[in-house]
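Some notes on the structure that comes next.
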Amino acid sequence: MTRKGNIVVLLSGIVLMCASCSVSARLKKADRTYDNGEYFAAADIYKKTQSRISAKKQKKLKAEVCFKQGECYRLIGNHARATRAYTQAIKYKYNDSVVFLYNAKSLHALGRYAEAAKQYDIYLQTHDDSLARVGLRGAQQANEWKKTATRYVVKAADVLNSKKNSDFAPAFMGNEAAALVFTSNRDNTTNRKANAITGAANHDLFTTRRNASGAWEKPEPLEGEFNTDDDEGVVAFAPDGKTIYFTRCRIDKAGDVGGEIWTAKRSGGQWTTPTKITLFKDSTITVAHPTLSTDGERLFFVSDAPGGFGGKDIWVAEKTDEGWSVPENMGADINTAGNEMFPFYRNDSTFYFASDGHAGLGGLDIFKAKKDSTGQWQVYNMLTPINSNGDDFGIAFENDAERGYFSSNRNQSKYYDRIYSFELPELVYAVEGKITDEKGNTLPDAIIKLVGDNGTNVKIRAKKDGTFRIKLDKNANYIMLATSRGYLNSSARLTTDNLTDSKTFVENFALPTIGQPIPIDNIFFEFGKADLTPESETALRGTVKMLTDNPNIAIEIAAHTDCVGSDDANMKLSEARAKSVVDFLVQAGIAPDRLTAKGYGESRPVVVDETMAKELRFVKKDEILNEKLVKLLTPEQQEIVNAINRRTEFKVTKTTYNIY
């Protein structure tokens, strides 16, 4: 080899050594940054270093860097980038199958449930892992959960949200709920330097108050010594609103101190200087996300203290004369191997928190815990629209009302947190309708009576147009009765038992006129016979109901035929048909002495009224549909008229039955 060739080889070796040293140095820096919890900064270093690693010669190293990059993105909530990095790590044969679990969690948070389920399943083939089992169950059930949305109405609280920053964890300032404090990294006078952990600016506390019309005013920084160059956020108040607790994450010369809970009191219209509270003897244990019981005697908070179930758990401490008792873990009903955060204590039997360790829709979901008869917590996912495949957390109720606010980064391309309002609308039940006569004419003096098994007893007069509306109570059974002078009564039954949504019942009443023949529609007989067809039963059941609604009347059942055939045959047929109807009514429980059967044959043809004249067109009002007129019609028109004449009617013959 020539001297020149030796120089080229030597230089190439030096370049490779320098490149290798550069990659090694960068990875050491990235690892240190990662170990310090500065995930945003570490992700950037891993990303820049990855491109310098040869996929052919350093496949194992490339897989490791891709995995760590994915971890950084997952831990700061950028699941789209996380799953891309994990997929690359899998491609390069990363040697720890945990990559499938974390890839599944990111896919789950993106709402890609089928893909997530496959990744969970791969991991579970070699591991018995509770988080993976719960995750798989959530991914498998998520689409069904989305179909069973609750009645909560969720809206973006635009007046509280900034445009290009995060706003989250709202808390009402005391029981009056006239002021709200929340966490935000919008512009303020404190240090807006990007946080190395998240890449976002540090957070401060902001407040807003309701104006005279009840609307929230423009948020302003919380007055007092709360907002510093450190990261502040997630606040809670004592029931009277005069003591505040909040999270502060400080960074001193030695590095990140971790989460601490600080407190201050309201005195003379101002907040005192905040002081740190001590919950654990070990000052390195992180504590955050405070909330208080309704009596202010218990402090619930989040910590990664030893003795937990994994990840972050929710703990509770009792107030003492010296400060706070030794904290206790809330137990396995609430806490899991995942993360439980952002607690909200509503009352002794209801507790809310966010978790990624219980089966959910993805990311953090909000859960409701209720104590059963044995005092054990039963945990329920709050489902959509409260929860989404994004992070949903930091719920706060407005006292005992079923409304309030929570936080979510749903549908946010840059993962900003937003504050949303929620409200469970009151269930409203009512019945409405219209009362007319049998021809649809308004009855101006109609009355509705409503009696319920819950003690309701209402009597109202319908409006001039015959309409009415009455509010109903839940879980009640009602009987309604429509009446009007000169008309028969009509009743209806309805129930609000077991209804889960608001409902307006519609009950229209057509009251038959006393003293005039009323057709019983849809009565059918076998051709040329007196045998009732099965189709007639529904109409006759209506007649039974009418007689039951009007127990003091007696009626005549009248059957009529058309003019086809002899007078004598038609008379006998109509009498037999009337008797068949009476027999049915008697078998249905109507007293025989309330019923009279009468056959009229073809002797009483129909007289055309205004409604019939408009419908038929080929006959005029007041014309009699007798044989003489029928013979003047076309065969098609004759059949229509004959069908009209073949009818069964009833007429009230007595209104004092069994009164005397």
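Here are the numbers for this structure:
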quantity: Enumeration of residues in region 101-114 that are within 19 Å of D391 (Cβ to Cβ) and not aromatic (F, W, Y); calculated: L101, N103, A104, K105, S106, L107, H108, A109, L110, G111, R112
quantity: Residue match in region 40-53 (condition: more than 37 Å from the chain's Cα centre (by Cα), in contact (Cβ under 8 Å) with a residue 40 or more places away in the chain and over 23 Å from N389 (Cβ atoms)); calculated: yes
quantity: Sole residue being farther than 26 Å from K545 by Cβ and of a type in the set (D, E), chosen from E432, E438, E423; calculated: E423
quantity: Test set (1) of a type outside the set (S, T, N, Q); (2) more than 18 Å from the chain's Cα centre (by Cα); (3) open to solvent by less than 30 Å² (accessible area, probe 1.4 Å); (4) more than 24 Å from S303 (Cα to Cα) - F351 fails condition number; calculated: (4)
quantity: Criterion: surrounded by 18 or more Cβ atoms within 10 Å (Cβ to Cβ) and either touching an Asp or Glu at 6+ places or on another chain (Cβ under 7 Å) or not in a helix (DSSP H, G or I) (or both) - qualifying residue of V641, V619; calculated: V619
quantity: Residues located in region 201-243, provided they are surrounded by 13 or more Cβ atoms within 10 Å (Cβ to Cβ), under 32 Å from the mean Cα position of the chain (by Cα) and aliphatic (A, V, I, L, M); calculated: L205, V234, V235, A236, A238
quantity: Pick from region 476-496, criterion surrounded by 13 or more Cβ atoms within 10 Å (Cβ to Cβ) and free of Cβ contacts under 8 Å to residues at least 40 places away in the same chain, ranking: farthest from M546 (Cα to Cα); calculated: A476
quantity: Any hit, region 397-415, residues being aliphatic (A, V, I, L, M), open to solvent by less than 30 Å² (accessible area, probe 1.4 Å) and in a loop (DSSP other than H, G, I, E, B); calculated: yes
quantity: Among (1) surrounded by fewer than 19 Cβ atoms within 10 Å (Cβ to Cβ); (2) among the β-branched types (V, I, T); (3) not in a helix (DSSP H, G or I), the one test that I53 misses; calculated: (1)
quantity: Unique match (being under 28 Å from R461 (Cα atoms) and in a loop (DSSP other than H, G, I, E, B)) among R485, R493; calculated: R485
quantity: Condition check for G357: in contact (Cβ under 8 Å) with a residue 40 or more places away in the chain, outside any loop (DSSP other than H, G, I, E, B), buried (at least 19 other Cβ atoms within 10 Å of the Cβ) and more than 19 Å from the chain's Cα centre (by Cα); calculated: no
quantity: Where V379 falls short, out of the listed (1) touching a strand residue (DSSP E or B) at 6+ places or on another chain (Cβ under 6 Å); (2) more than 20 Å from Y415 (Cα to Cα); (3) open to solvent by less than 20 Å² (accessible area, probe 1.4 Å); calculated: (3)
quantity: Checking T291 against (1) hydroxyl-bearing (S, T, Y); (2) in a loop (DSSP other than H, G, I, E, B); (3) crowded, with 19+ Cβ neighbours inside 10 Å, the condition it does not meet; calculated: (2)
quantity: Top-ranked residue in region 497-539 [being of a type in the set (V, I, T) and not in a loop (DSSP other than H, G, I, E, B); ranked as surrounded by the most Cβ atoms within 10 Å (Cβ to Cβ)]; calculated: I518
quantity: Hits in region 391-443 (condition: under 27 Å from G357 (Cβ atoms), aromatic (F, W, Y) and under 23 Å from the mean Cα position of the chain (by Cα)); calculated: F393, F397, Y405, F406, Y420, F422
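To keep it simple, each residue is scored yes or no on (1) open to solvent by 30 Å² or more (accessible area, probe 1.4 Å); (2) modelled with pLDDT of 95 or more; (3) acidic (D, E).
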{"residue": "N552", "(1), (2), (3)": "yes, no, no"}
{"residue": "I557", "(1), (2), (3)": "no, yes, no"}
{"residue": "H560", "(1), (2), (3)": "no, yes, no"}
{"residue": "G565", "(1), (2), (3)": "yes, no, no"}
{"residue": "K572", "(1), (2), (3)": "yes, yes, no"}
{"residue": "E575", "(1), (2), (3)": "yes, yes, yes"}
{"residue": "K579", "(1), (2), (3)": "yes, yes, no"}
{"residue": "L585", "(1), (2), (3)": "no, yes, no"}
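The values are calculated or read from the model by the stated rules, or taken from the named source; none is laboratory data. In this text the structure is predicted, and so the values were computed from the model without any measurement. Please note: Cβ atoms are built from the backbone with ideal geometry, for glycine as well, and neighbour counts cover all protein chains shown. To get the accessible areas, we keep the full protein, side chains included, count just its heavy atoms, and leave off ligands, DNA and RNA. Shrake-Rupley method; radii C 1.70, N 1.55, O 1.52, S 1.80 Å.
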